[in-house]
Amino acid sequence: MQIPFKKYHGAGNDFIIIDNRELHWQPVQGEVSMLCDRHFGIGADGLMLLTLHEGYRFHMTYYNADGNESTMCGNGGRCMAAFARSLGLAGDQMAFSAIDGNHLAETGNPGKNTILVRLKMKDTCIFRQFEDGLLIDTGSPHFVRFVKNVDDVDVFSIGKTLRHDPRFSPGGANIDFAEIQKDGIFVRTYERGVENETLSCGTGATAVALSAAYQSNNKGGSYHIKTRGGPLTVTYSRLDQCFTDIWLEGPATFVFEGEIVI
């Protein structure tokens, strides 16, 4: 089977995106993991399928690099919105469905390959507060730990251990290390399913922003999030331990396109 694809990244978080409206491809785990492999495939943190869905512009299905269908991906959703616009499926605004429900997206004027995309995230509440961090679900579960020198953290080793912590069973959690700085919050994330640190994580940036708001008792506003892959912005409103009107904003960049035989 010959499959056309496009490669996008959102602040360094990269994805293979496939228009599955006519292909009706039903991937198995090994096919997805092969395509995401950076040595033997195209290479990506994840793979997404675009399909039709009644009442929405499209439906987004997300697979982690390990080949398993996963929970919501914030940067992936932003890239999917840019992809849908490039196909002519939507204009500046669109509504689409994903595993965690419906989402709204707004796109700005595209540059040569990059477009600014705002994605509305699901309403959420702080799940649990532990002595060593906060657990929150922003479409995917995240354990947020604030540190003093995030550059010095062994994200891979600590994240690999914490991601399977029994407190986060049965599915585990993504692990975020965040340092509050004068001009924003610097975030590094170990992503389950990728089983490594990624250059950025949209649901992770959202989780960190909301955790910071919770700890500082901010009622609403925005946080500038810095990642190794680029900048993101999270805006929100808050009521007690819960948050609403949450938007994740950042660049979505087209990298290349091609076809591959499965």
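No value in this document is a laboratory result; all are computed from the given coordinates. Since the model is a prediction, treat every value here as computed from it, not as a measurement. Methodologically, a virtual Cβ is constructed for each residue, glycine included, from the backbone with ideal geometry; neighbour enumeration extends over all protein chains shown.
Summary table
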read-out: Residue of Gly229, Gly101, Gly133 that the Gaussian network model of the chain assigns the largest fluctuation, springs spanning Cα pairs under 10 Å; value: Gly101
read-out: Gained length - Glu22 relative to Asp183, 0.36 nm times residue gap less alpha-carbon distance; value: 53.4 nm
read-out: Dipole magnitude of the chain, debye to nearest 20 (Cβ charges: Lys/Arg +1, Asp/Glu -1, about Cα centre); value: 500
read-out: Residue (of Val187, Thr233, Phe243) at the positive-pole extreme of segment 124-249, dipole from beta-carbon charges; value: Phe243
read-out: Net dipole in debye of segment 124-249 [+1 Lys, Arg Cβ; -1 Asp, Glu Cβ; about Cα centre; nearest 20]; value: 120
read-out: 222 nm mean residue ellipticity, helices alone, for the chain (DSSP H n ≥ 4; -39,500 (n - 2.57); rounded to 500); value: -5000 deg cm²/dmol
read-out: Stretch gain in nm, segment Ser222-His164, where the contour uses 0.36 nm per residue and the Cα spacing is subtracted; value: 17.8 nm
read-out: Whether segment 124-249 is rounded, prolate or oblate, judged on the alpha carbon gyration tensor where a/c under 1.5 counts as rounded; value: oblate
read-out: Peptides ranked, highest mean first, by Cβ atoms within 10 Å: ranges 107-115, 6-14; value: 6-14, 107-115
read-out: Gaussian network model of the chain, Cα within-10 Å springs - most flexible of Phe243, Phe143, Phe40; value: Phe40
read-out: Those Cys residues of the chain for which no other cysteine Cβ falls under 4.7 Å; value: Cys36, Cys73, Cys79, Cys201
